[in-house]
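The values are calculated or read from the model by the stated rules, or taken from the named source; none is laboratory data. If you're wondering where the values come from, they're calculated on a predicted model, not measured in any experiment. A quick note on method: Cβ atoms are made from the backbone with ideal geometry, for glycine too, and the neighbour counts reach across all protein chains shown.
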């Protein structure tokens, strides 16, 4: 049942699953499948062997685009592990064998060897974030790395808020309780080191500003700057639950509007073109989120006198800008 | 004496975005200007919806771009006065911060006067507050402008002969004038006045024209008076 369409990239995926099951003797959650395939692909590439694996950067890091391959030899079965975690476990379907792939033996050997090597490297690692972090560190640019680290930290902050979460003054649908099941929101007790948390978040944001690659991600730079501006204020005002939700929104849209378009290999041009065409929709959706979260910020932050202190000069600038736009629109 | 007050876009911008004496003047008129009601004509409403966000966005993003530049470039910590001068005179760029330049310059000048030394993180926090407060609607502390101003929704009329006799001709201003006239004709029992922040187009005498804009409007339309809510002319430093 060999077909010339089942080639190097398919074999690579096949070998990764087989190696982890047989060589490392454990399951392979889908997230880790993506990352291990990518490591095998990249390391072989660095050693001079191009396997053509279709990959792209997305929300949770690097993804293998199985839709671009003949993929009926692999399945992802729902599984609940002993740890209590639920996910999808990668398995080889029925009795697929290596000889069903149409590739040169020497190439097959190199792929198998590398897959085993990578499987052994993570044999005793059961935390998928470790493999994920490895791909970020080795192949992600410093901005994407920084954002990944910031997200880990910010995700844990959802329980910490200066404002009693049900008291958020906001539009219908923007209150914190919309995003979580837990509505136990009696007086929130802030941990003693809330200033430390603020300072950590500010440090993450500083790093993101420093590392943002303007030339690479030029299309969504205005949205990044607005997200960063509002997030900084959320941190300064200890509105950490909003920070987590907002960061997630930004990350999803940014992955669609920039990451997968800028960082993909072996994806069909038609698909990439479709992603580009959807970019404006993503930007518009993110602008809407920005407006929503800015409103929540303005309604709940502690006001300062910083703008009032330069109020006269600022107001003149407002009038000049109004005039400029008016004349420009004629 | 009680009247109907029709306001233009500039007055609303003064009330909601500005933060100086002009804001106070606009606020005083809108809240307590001796009128029975304040009305916003449809053209001014649509101009305001469009332009309000643009103004805030452009000023705020200039401040945040400058702030992010300071973050990337400034290494000394804490800064002394000469460090602050370096930022104000060297780093702050009127090409990048085209519109925000003057108030950012003032911001640093005050810091230089008031502080011997300051941590960069404190400057960043202050700038962050400024870029955020550009978005504040200052009418909210009075209940929001919509609780004091009615947006006109009863249509407009065609007045070709009035239009041809009006001297005002710039952009949307003639439409605002005609809409105010229309509103006035629908309230024959009380005087309607137009309150404007734009004296150049609605009040002043323009060289070459037979009468002042104000006299012209009062003569040609049903409007009783043009109320001057313009800001004083910019002082050149």
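Observations
- Options B:76, B:28; residue that is outside any strand (DSSP E or B) and more than 22 Å from the chain's Cα centre (by Cα): B:76
Listed here are the residues, each with its yes/no results for (1) at pLDDT 95 or above; (2) over 26 Å from the mean Cα position of the chain (by Cα); (3) closer than 30 Å to residue A:225 by Cα.
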| site | (1), (2), (3) |
| --- | --- |
| B:121 | no, yes, yes |
| B:134 | yes, no, yes |
| B:143 | yes, no, no |
| B:203 | yes, no, no |
| B:215 | yes, no, no |
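- Residue selected from region B:54-77 under the condition more than 21 Å from residue A:232 (Cα to Cα) and within 9 Å of chain A (Cβ to nearest Cβ), by the criterion surrounded by the most Cβ atoms within 10 Å (Cβ to Cβ): B:55
- For residue A:233: the one exception among (1) closer than 24 Å to residue B:66 by Cβ; (2) part of a helix (DSSP H, G or I); (3) at pLDDT below 95: (3)
- Single residue of A:141, A:148 found to be at pLDDT 75 or above, touching a strand residue (DSSP E or B) at 6+ places or on another chain (Cβ under 9 Å) and surrounded by 15 or more Cβ atoms within 10 Å (Cβ to Cβ): A:148
- Apart from one condition, residue B:33 fits all of (1) within 12 Å of another protein chain (Cβ to nearest Cβ); (2) buried (at least 16 other Cβ atoms within 10 Å of the Cβ); the exception is (1).
- Residue among B:80, B:28 that is over 30 Å from residue B:225 (Cα atoms) and surrounded by fewer than 22 Cβ atoms within 10 Å (Cβ to Cβ): B:80
- Scanning region A:293-330 for residues that are under 38 Å from the mean Cα position of the chain (by Cα), within 8 Å of chain B (Cβ to nearest Cβ) and not in a helix (DSSP H, G or I) yields A:301, A:303, A:304.
- Taking the conditions (1) more than 7 Å from chain B (Cβ to nearest Cβ); (2) part of a helix (DSSP H, G or I); (3) surrounded by fewer than 20 Cβ atoms within 10 Å (Cβ to Cβ); (4) modelled with pLDDT of 95 or more in turn, residue A:267 satisfies each one other than (2).
- For region B:156-177, the tally of residues that are within 28 Å of the chain's Cα centre (by Cα) and either without any contact (Cβ under 8 Å) to a residue 24 or more places away in the chain or in a strand (DSSP E or B) (or both) stands at 4.
- Residue match in region A:232-250 (condition: in contact with a strand residue (DSSP E or B) (Cβ under 7 Å, 6 or more places away or on another chain), surrounded by fewer than 20 Cβ atoms within 10 Å (Cβ to Cβ) and more than 13 Å from chain B (Cβ to nearest Cβ)): no
- Of all residues in region B:142-154, at least one satisfies being outside any strand (DSSP E or B), in contact with a helix residue (DSSP H, G or I) (Cβ under 9 Å, 6 or more places away or on another chain) and under 30 Å from residue B:66 (Cβ atoms).
- Put simply, of B:124, B:183, B:130 the only residue that is part of a helix (DSSP H, G or I), in contact (Cβ under 8 Å) with a residue 60 or more places away in the chain and at the interface with another protein chain (Cβ under 10 Å from one of its Cβ atoms) is B:130.
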